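Visitor: Can you read through this structure? Questions will come right after.
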Amino acid sequence: MVGPVLESGNPHWIKNVIEDRTFTQGKLAEEVGIKARFAFPILWQGIVLGVLTFFSERAEDPDEKLLEVMTSIGTQLGQAIARERYEEALQISEEQHRLLFEANPHPAYVYDLETFSFLAVNEAAVRHYGYLREEFLSTLTIKDIRPPEDIADCIARASKVRTDQDIISKPSRHQKKDGTVIDVEITSHVLDLVGRRAEIVLVNDVT
């Protein structure tokens with residue numbers, strides 16, 4: 001009975017499965033006292049995600065109002081399932097992006113465009129600049145990885161209004177914890193991170 005519903009996307013009703021030749025388990029149904037059977041699809045954008053079936057101990061004629069109600073419920077269930085699958089896929093995508101960020105061999109960080117504080121740094125940045133991850137995330141700002149004479153220009157550039165589509169690549173100078181100044185090429189992109197305007201930066205040391 002599931003087959004016709006999967007193929008058509010429409011509900012299917014059998015008044016008495018014991019007498020219906022299309023029902024292959026009539027003998028078993030008779031033994032357990034089942035007669036009427038009703039199945040309806042769980043739909044999402046015309047795609048059948050599943051089929052729910054119900055049985056009755058009595059032979060019953062199709063109930064048009066019940067068919068209409070259950071069809072509506074099937075659509076609502078389909079929307080709920082599709083939303084859950086989307087959320088699961090989104091979580092997987094976010095986890096993959098996080099792993100790509102963490103595993104990148106180049107230093108990378110995310111900072112808040114308003115406070116200039118670091119929101120995330122990868123392991124390569126920790127190794128390259130010499131600061132602990134806890135230092136990055138608790139006390140440092142992007143000003144701390146710039147030579148003092150470059151800070152004003154750094155803040156002015158970060159304060160410029162840009163769209164999410166802008167990807168900026170430019171040469172710059174950074175400073176490590178031990179005071180070493182390095183020449184770098186940075187590639188950056190503005191994004192929205194938990195309601196905060198932020199910028200993700202990938203660093204290539206070309207010293």
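Visitor: Is it true that some residue in the range 15-27 is touching a strand residue (DSSP E or B) at 6+ places or on another chain (Cβ under 9 Å) and either on the phi > 0 side of the Ramachandran plot or open to solvent by 70 Å² or more (accessible area, probe 1.4 Å) (or both)? Spell out how you get there, then give the answer.
Guide: Start the filter on the range 15-27 by keeping residues that are touching a strand residue (DSSP E or B) at 6+ places or on another chain (Cβ under 9 Å), which leaves 15-17, 20, 22-23.
Filter once more, so that each one left must be either on the phi > 0 side of the Ramachandran plot or open to solvent by 70 Å² or more (accessible area, probe 1.4 Å) (or both): 15, 22.
Yes, some residue in the range 15-27 is touching a strand residue (DSSP E or B) at 6+ places or on another chain (Cβ under 9 Å) and either on the phi > 0 side of the Ramachandran plot or open to solvent by 70 Å² or more (accessible area, probe 1.4 Å) (or both).
Visitor: Then there's this: Residues to consider are I186, I168; find the one that is assigned to a strand (DSSP E or B), of a type in the set (A, V, I, L, M), free of Cβ contacts under 8 Å to residues at least 40 places away in the same chain and open to solvent by less than 50 Å² (accessible area, probe 1.4 Å).
Guide: Details: I168 fails: open to solvent by less than 50 Å² (accessible area, probe 1.4 Å).
Among I186, I168, only I186 is assigned to a strand (DSSP E or B), of a type in the set (A, V, I, L, M), free of Cβ contacts under 8 Å to residues at least 40 places away in the same chain and open to solvent by less than 50 Å² (accessible area, probe 1.4 Å).
Visitor: In the list R83, R146, R98, which residue meets the criterion of being touching a helix residue (DSSP H, G or I) at 6+ places or on another chain (Cβ under 7 Å) and either open to solvent by less than 30 Å² (accessible area, probe 1.4 Å) or more than 23 Å from N10 (Cβ to Cβ) (or both)?
Guide: On the way: R83 fails: touching a helix residue (DSSP H, G or I) at 6+ places or on another chain (Cβ under 7 Å); R98 fails: touching a helix residue (DSSP H, G or I) at 6+ places or on another chain (Cβ under 7 Å).
Of R83, R146, R98, the one residue that is touching a helix residue (DSSP H, G or I) at 6+ places or on another chain (Cβ under 7 Å) and either open to solvent by less than 30 Å² (accessible area, probe 1.4 Å) or more than 23 Å from N10 (Cβ to Cβ) (or both) is R146.
Visitor: Give the residue, chosen from T71, T139, that is open to solvent by 30 Å² or more (accessible area, probe 1.4 Å), modelled with pLDDT of 90 or more and β-branched (V, I, T). If you could, list the steps in order and put the result at the bottom.
Guide: Working: T71 fails: modelled with pLDDT of 90 or more.
Just one listed residue meets the conditions, T139.
Visitor: Is it true that some residue in the range 40-55 is within 17 Å of V2 (Cα to Cα), part of a strand (DSSP E or B), in contact with an Asp or Glu (Cβ under 8 Å, 6 or more places away or on another chain) and not acidic (D, E)?
Guide: No, the conditions are met nowhere in the range 40-55.
The values are calculated or read from the model by the stated rules, or taken from the named source; none is laboratory data. Remember, it's a predicted structure, so these values are computed and weren't measured experimentally. Glycine also receives a Cβ, built like all others from the backbone with ideal geometry; neighbour counts cover every protein chain displayed. Heavy atoms of the whole protein, side chains included, go into the accessibility calculation; ligands, DNA and RNA do not. Shrake-Rupley method; radii C 1.70, N 1.55, O 1.52, S 1.80 Å.
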